Amino acid sequence: MNRRMDVLAHGVLALGVVLFLLPIWVMLAGATQDAGVIARGGISLIPNWRGLGIFEQAWFFNGTGSGQPVWHMMLVSFAMAIGIAVGKIFISLLSAFAVVFFRFPFRKLAFWTIFLTLMLPVEVRIIPSFAVVSSLHMVNSFAGLTLPLIASATATLLFRQVFTALPDELVEAARLDGAGPMRFLWDMVLPVSRANLAALFVILFVYGWNQYLWPLLVASSPEYSTIILGIVQMIQPDELTPWNMVMATTALALLPPVAVVVLMQRAFVRGLTEVDK
């Protein structure tokens, strides 16, 4: 019975892998084929090995609506994703640290206020957020791309769960040794939070990389166009869309988030599966 269940479980996993990889394979194969053939629905699952140069062409392609080359848009997206991930972790770490280890009036109210912002994603507060960014003259700036997306109730909640699991004896020992709040944070709290930091960094990096609606609104200047915006702008409804170039650019856009996930895979899994999380 157990063997049958194992076979069934592995079969379901294999099917899931195939369903996940098939669109990626079609994209990679289509990138090496002629755009006209793809537009007529004649895409083949077999790559045209002579067309592999399309990926090098896509790297320097500047036929998007922004007029910027793909490498420049990927650089903007990378900087934006790094800024959002690091900013979210920094703000959430300090806010959770304050809520757990400091005693001040309305401490629980502050935490629940932060928690309630989970109900307000970017799409819900996008108009007032844009009004604030515009009033601060941060439209078409790196600060405008990143700062409004830095606050994260999810990361604060996760860090709070980690910090509340620390024994009270550890806090008392730090006080007896004369360690201040920042010394306690740096020497004792951060070392036990490394796995969670890695897991959050992966999640937040992918979140920042995939942003579309906010950059579309706040980055009207081609200089701050992200790769996600560039891919959408390459699709022209009234003209012959270079589908092979779109697919090649999409493949290039997959590389940074995939690299981050692969390089931090062990820490990512450990941060999500440790006890008391």
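Select from segment 135-174 the residues that are more than 14 Å from L185 (Cα to Cα) and among the acidic types (D, E) and list them in ascending order. The answer is D168, E169. Picking from residues in segment 205-230 that are without any contact (Cβ under 8 Å) to a residue 60 or more places away in the chain and closer than 23 Å to V258 by Cα, the one that is surrounded by the most Cβ atoms within 10 Å (Cβ to Cβ) is N210.
Determine whether segment 95-102 contains at least one residue that is within 22 Å of the chain's Cα centre (by Cα), of a type in the set (A, V, I, L, M, F, W, C), more than 15 Å from A253 (Cα to Cα) and in a helix (DSSP H, G or I).
The initial filter retains those residues of segment 95-102 that are within 22 Å of the chain's Cα centre (by Cα), namely 95-96.
Adding the requirement that they be of a type in the set (A, V, I, L, M, F, W, C) leaves 96.
Restricting the remaining residues to those that are more than 15 Å from A253 (Cα to Cα) gives 96.
Next, only the ones that are in a helix (DSSP H, G or I) stay: 96.
Yes - at least one qualifying residue is present in segment 95-102.
For segment 58-73, state whether one or more residues are in contact (Cβ under 8 Å) with a residue 12 or more places away in the chain, part of a helix (DSSP H, G or I) and over 20 Å from the mean Cα position of the chain (by Cα). Within segment 58-73 (the criterion being in contact (Cβ under 8 Å) with a residue 12 or more places away in the chain, part of a helix (DSSP H, G or I) and over 20 Å from the mean Cα position of the chain (by Cα)), the answer is yes, since at least one residue qualifies. When segment 95-140 is filtered for residues that are within 30 Å of L217 (Cα to Cα), surrounded by 12 or more Cβ atoms within 10 Å (Cβ to Cβ) and charged (D, E, K, R), only R125 remains.
Can you tell me which residue within segment 171-223, out of those that are part of a loop (DSSP other than H, G, I, E, B) and of a type in the set (A, V, I, L, M), is modelled with the lowest pLDDT? First the steps, then the outcome.
Here is the first cut: in segment 171-223, the residues part of a loop (DSSP other than H, G, I, E, B) are 177-180, 193, 210-212, 219-221.
Next, only the ones that are of a type in the set (A, V, I, L, M) stay: 179, 219.
Working: A179: 71, A219: 84.
So, considering only residues that are part of a loop (DSSP other than H, G, I, E, B) and of a type in the set (A, V, I, L, M), the one modelled with the lowest pLDDT is A179.
Can you confirm whether segment 8-31 contains a residue that is loosely packed, with under 10 Cβ neighbours inside 10 Å and assigned to a loop (DSSP other than H, G, I, E, B)? The answer is no, given that none of the residues of segment 8-31 is loosely packed, with under 10 Cβ neighbours inside 10 Å and assigned to a loop (DSSP other than H, G, I, E, B).
Please indicate, with yes or no, whether at least one residue in segment 42-52 is crowded, with 17+ Cβ neighbours inside 10 Å and either over 21 Å from the mean Cα position of the chain (by Cα) or on the phi > 0 side of the Ramachandran plot (or both). Full working, then the answer.
Pass one, segment 42-52, residues crowded, with 17+ Cβ neighbours inside 10 Å: 43, 51.
Now restrict to residues that are either over 21 Å from the mean Cα position of the chain (by Cα) or on the phi > 0 side of the Ramachandran plot (or both): 43, 51.
Yes, segment 42-52 contains at least one residue that is crowded, with 17+ Cβ neighbours inside 10 Å and either over 21 Å from the mean Cα position of the chain (by Cα) or on the phi > 0 side of the Ramachandran plot (or both).
The values are calculated or read from the model by the stated rules, or taken from the named source; none is laboratory data. Note that the coordinates shown come from a computational prediction; the quantities given were computed from them, not determined experimentally. We place every Cβ from the backbone using ideal geometry, glycine too, and count neighbours over all the protein chains shown.
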